[in-house]
Amino acid sequence: MIRPLELFVGLRYVRARRRDHFISFISLVSILGITLGIAALITVLSVMNGFGKELRSRILGVASHITIAGLDGQVSDWRGVAERARGDAHVVGAAPYILGQGMLARGKAVSGALVRGVLPRQEREVSDIGDKMIEGSLAALKPGEFGVVVGAALAWKLDLAVGSLVSLVVPQAQATPAGLLPRFKRFTVVGIFRIDMYEYDSGLVLVHLDDAAKLYQLTDGNVTGVRLKLGDLDDAPRVARQLSSRIGADYIARDWTREHANFFRALQMEKTVMFVILLLIVTVAMFNLISTLVVIVTEKQSDIAILRTLGVKPRGILGIFMVQGALIGVIGTLAGTAFGVLLAYNVQTLVSLLERVLHTTFLAADVYLISELPSDLHWSDVGVIAGASLILALLSTLYPAWRASKVQPAVALRYE
């Protein structure tokens, strides 16, 4: 147990006297090392959280939070299923869809695509595509008119604009006197969207639900499934489990964490690896703290000997240097945490300032998917980082303090 004497002497050793400027300097270097390491760790993890949040919002702005599908691949009573799903307070939107594969052709240009049949009004409840239109509108999809909404990258690839005609070929054959031929239908482009996700901008097209049913030969109002949007997408796994028991055994509910599991697991793994790598920076700073305390113990051997002759026990000496090392660690941790939080909240402003000063662009919009540096500070990350730093700082004091407690007064004062 650390008593007031150990606390007083340990705090006094942190403050340098005139002849101890070197000790003060190396203590300051230790504090700065811990501060910069923690600040870098908090800032980088916040930026990674920001990128993850931005990618997740873009993906889930097109994909669904929860998808309800039939075991046989079709849902016959989608209105009833949607109504039962809306009975959950977490569900804020529901829309039917028909999903199929196709190939768009215009002249000699051909490109594969994922075809989604939607109802424009209901689709706005579950996706952001209606807000991402750069030409035309989602509402222009009318039943029986065979209009199509395409992504910006696909429109560029096939040289499409609003009003262009494009052939949509589906992988289903039809019998003709000439034999089996693939089925296709001529569509008119009524809108172009940009999500800034190449997977969707180049490979997703939207048609009206009724037109998709005719194209893929679905009868009796059958659809592929029902897409749901939640108020909080983090509730999706739990809500999906609850809906599976509510909607009946003929249907299955899958949430976004299962639909895009590999992608989001990769993001989480990348964050974990980066945390470990940056924590090594803090660990290096702790080794610097150990070196600092060893130097201080060497410089203070005569003081230690005097304290021992005055009756201070070895555990008291141990406590003195543990207080000194812990105080350096606490000051560095608090300063690094405050600096890191400040950077995390203002990283975009600082990056913009650097770009203006250096006359350059770090994330060019025509090269990178995300042209800004987003930041999303998680206080749980801050707590883990600060806690890990304090534990490392406390562990770093053990060896130098133990070494100080083993100093023999007679040996230390031999040449004094």
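The values are calculated or read from the model by the stated rules, or taken from the named source; none is laboratory data. Computed from a prediction, not measured in an experiment: that's the story for all the values here. Counting neighbours? That spans all protein chains shown, and the Cβs are built from the backbone with ideal geometry, glycine included.
So the values come out like this:
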quantity: Subset of the stretch 89-126 (residues that are touching a helix residue (DSSP H, G or I) at 6+ places or on another chain (Cβ under 9 Å), closer than 22 Å to ARG238 by Cβ and buried (at least 16 other Cβ atoms within 10 Å of the Cβ)); calculated: HIS90, VAL91, GLY93, ALA94, ALA95
quantity: Matching entry among SER245, SER167 (being without any contact (Cβ under 8 Å) to a residue 24 or more places away in the chain and in the same structural domain as GLU135 (by TED's automatic domain parsing)); calculated: SER245
quantity: Positions within the stretch 194-218 being modelled with pLDDT of 85 or more, more than 20 Å from GLY70 (Cα to Cα) and surrounded by fewer than 20 Cβ atoms within 10 Å (Cβ to Cβ), in sequence order; calculated: ARG194, SER202, GLY203
quantity: Residue match in the stretch 71-90 (condition: assigned to a helix (DSSP H, G or I) and either closer than 28 Å to MET286 by Cβ or touching a His at 6+ places or on another chain (Cβ under 9 Å) (or both)); calculated: no
quantity: Condition broken by ALA364, with the remaining ones in (1) modelled with pLDDT of 75 or more; (2) exposed (fewer than 13 other Cβ atoms within 10 Å of the Cβ) satisfied; calculated: (1)
quantity: Filter pass, ASP234 being in contact (Cβ under 8 Å) with a residue 24 or more places away in the chain and assigned by TED's automatic domain parsing to the domain that holds ALA140; calculated: no
quantity: Any hit, the stretch 329-348, residues being more than 13 Å from LEU41 (Cα to Cα) and either surrounded by 23 or more Cβ atoms within 10 Å (Cβ to Cβ) or not assigned by TED's automatic domain parsing to the domain that holds ILE38 (or both); calculated: yes
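Matching residues to (1) farther than 20 Å from GLU123 by Cβ; (2) in contact (Cβ under 8 Å) with a residue 60 or more places away in the chain; (3) β-branched (Val, Ile, Thr):
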residue	(1), (2), (3)
PHE51	yes, yes, no
GLY61	no, yes, no
THR67	no, yes, yes
TRP78	no, yes, no
GLU83	no, no, no
ARG86	no, no, no
VAL92	no, yes, yes
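Conditions tested, residue by residue: (1) free of Cβ contacts under 8 Å to residues at least 12 places away in the same chain; (2) assigned to a loop (DSSP other than H, G, I, E, B).
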| position | (1), (2) |
| --- | --- |
| GLU123 | no, no |
| GLY130 | yes, no |
| GLU145 | no, yes |
| VAL149 | no, no |
| PHE184 | no, no |
| GLU199 | yes, no |
| LEU206 | no, no |
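For every residue, the table says whether it meets (1) at pLDDT 85 or above; (2) hydrophobic (A, V, I, L, M, F, W, C).
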residue	(1), (2)
ASP234	no, no
SER245	no, no
ALA249	no, yes
ALA253	yes, yes
GLU259	no, no
PHE263	no, yes
LEU278	no, yes
ALA285	no, yes
